[in-house]
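The values are calculated or read from the model by the stated rules, or taken from the named source; none is laboratory data. Please read these numbers as outputs of a predicted model, since none were measured by experiment. Methodologically, a virtual Cβ is constructed for each residue, glycine included, from the backbone with ideal geometry; neighbour enumeration extends over all protein chains shown. Note: areas computed on protein heavy atoms with side chains; ligands, DNA, RNA excluded. Shrake-Rupley method; radii C 1.70, N 1.55, O 1.52, S 1.80 Å.
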Amino acid sequence: MINKKSNLDLVKECDNFPYYSDNPEVFDATFKDYYHFQLEGCEASLGYMPSKVATRMPLTKHWSLDESNRRLIFQPRDASGQPVKALEERNRILAEYLQNIRERKIFRVLDGWRNELYPIYGPDKSLILSMERSASPLFGVVTYGVHMTGYVRTDEGMKIWAPRRALTKQTYPGMMDNTVAGGLSTGEKPFECLVRECEEEASLPAGVVQPVRACGTLTYFHVRDSRAGGETGLCQPECQYIYDLELPSDVIPKPGDDEAIDFQLLSVEEVQEAMAAGKFKPNCAHLLVDFFVRHGILTPENEPDYIEIVSRCHRKLEFPTP
């Protein structure tokens, strides 16, 4: 018999990097197995890398490994050996390096190469690097995305459109997902990304999406397991921009690409049962818990872990953000 997951279980499965305040010993034991990823000239830590990853990164004139302080430092140099200051040149050097380690098949996670660039920010909120999407978990940098829950009000109550991920996807194949979700590329605005993803993933045109309601962000610090594809133990701190869209009953999302098998219109109870059975992708289950709080479906009266759940929907990330 499969044990059903509580709402707090679902939140903890997504936001699963330890909190120092909960248990300093557990935090310290976990943290000692990670290196900081840094850019030369920027004092902030940009991400956490498992030791087994940081120490396998090939070292060139553009990289140094500081074992005593547990840091992997990207130090891009020009032909004369001087530090590179131009963003475009830093990005070019980084892209060539990542392409090289991909071709050498050093890390399995790069088998999912996407040809999409994700932004990395410095302490002053400025863009300091752009990195290939599939490489971002290797360096543990903060990534950004949009997630939208599309729902319908019926005589039987609220129902939610939930797609099933394609069995061919490298990450979380066959699991259930939010109505529309996607990663935010360098230079892309959240609403622009949402409109694009709605068309690509769910065949929802811009006119249908226009009334969408922005509902803040969901932030968490996830450590990847085998379902994510590639190496396990990789850090994935994320900020998701959250949207709700009430859809007319005659608007039916349909797969617009190969991301989803189909869309199902499920009652709140059916969604909760699927979540409790572990059928949803971890961050999607976390987002739906937040959706239920927002819509008064989960309340202090019916959810004993209400305060902890709400607080863990908005984790303060330990790295620079825009």
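Straightening the chain between residue 166 and residue 226 buys 19.9 nm, computed as 0.36 nm per residue apart minus the Cα-Cα spacing.
Name all residues of the range 21-52 having a backbone nitrogen under 15 Å from the label point set 7 Å from the Cα of residue 66 along its Cα→Cβ direction, giving them as ranges. Output list for this probe position: 35-49.
Expressed as a whole percentage, what fraction of the accessible surface of the chain belongs to carbon and sulfur atoms when a 1.4 Å probe is rolled over the protein heavy atoms?
50
For the range 114-138, list residues with backbone N below 13 Å from a point placed 7 Å from the Cα of residue 87 toward its Cβ? Under cut-off, by backbone N: 118-131.
Within the chain, the proportion of C-alpha pairs whose separation exceeds 27 Å stands at 46%.
Computed over the chain with a Gaussian network model linking Cα atoms closer than 10 Å, the most mobile of 14, 42, 239 is 42.
Computed on the range 33-138, the Cα convex hull volume stands at 102 Å³ per residue. Candidate cross-link partners of residue 5 among the lysines, defined by an alpha-carbon separation under 20 Å and a same-chain spacing of 8 or more, comprise 279, 281. In this structure the range 33-138 gives 49 Å² per residue of accessible area when probed at 1.4 Å with all protein chains present. Spin-label model, residue 51 to residue 306: label points 7 Å out along the Cα-to-beta-carbon direction sit 4.4 nm apart.
What's the local net charge at residue 256, with K and R +1, D and E -1, over the other residues with C-beta under 9 Å away? Within the 9 Å Cβ shell, the charges total -4.
Comparing 132, 273, 25 in a Gaussian network model of the chain where C-alpha atoms under 10 Å apart are linked, the largest mean-square fluctuation is found at 25. Rounded if a/c is under 1.5, else prolate if a/b beats b/c, else oblate: with a ≥ b ≥ c from the C-alpha gyration tensor eigenvalues square-rooted, which is the range 231-322? Judged from the Cα gyration tensor, the range 231-322 comes out oblate (a/c at least 1.5, b/c at or above a/b).
Taking 157, 174, 233 in turn, the Gaussian network model of the chain (Cα-Cα springs below 10 Å) assigns the largest fluctuation to 157. Once the Cβ-Cβ distance of residue 6 and residue 261 is raised to the sixth power relative to R0 = 25 Å, the FRET efficiency obtained is 0.35. Within the chain, antiparallel bridges make up roughly 75 percent of the DSSP beta bridges whose residues both belong there. Only beta bridges with both residues in the range 9-108 are counted; by DSSP, about 70 percent of them are antiparallel. Sum up the charges of everything whose Cβ sits under 13 Å from the Cβ of residue 48, counting Lys and Arg as +1 and Asp and Glu as -1, but leave residue 48 out. Result for the neighbourhood of residue 48: +3. Here the extension length gained between residue 99 and residue 251 equals 50.5 nm, from 0.36 nm per residue of separation less the Cα-Cα distance. Heavy-atom accessible surface of residue 306, to the nearest 10 Å², is about 60 Å², with a 1.4 Å probe and all protein chains retained. Let me have the 222 nm mean residue ellipticity of the chain computed from DSSP H runs of 4+ only, each contributing -39500 (n - 2.57), with the sum over all residues rounded to the nearest 500. The helix-only estimate for the chain comes to -7500 deg cm²/dmol at 222 nm. Potential lengthening of the chain between residue 22 and residue 192 amounts to 57.4 nm, from the contour at 0.36 nm per residue minus the alpha-carbon distance. Computed over neighbours whose Cβ is under 13 Å from that of residue 194, the net charge equals -4, Lys and Arg +1, Asp and Glu -1.
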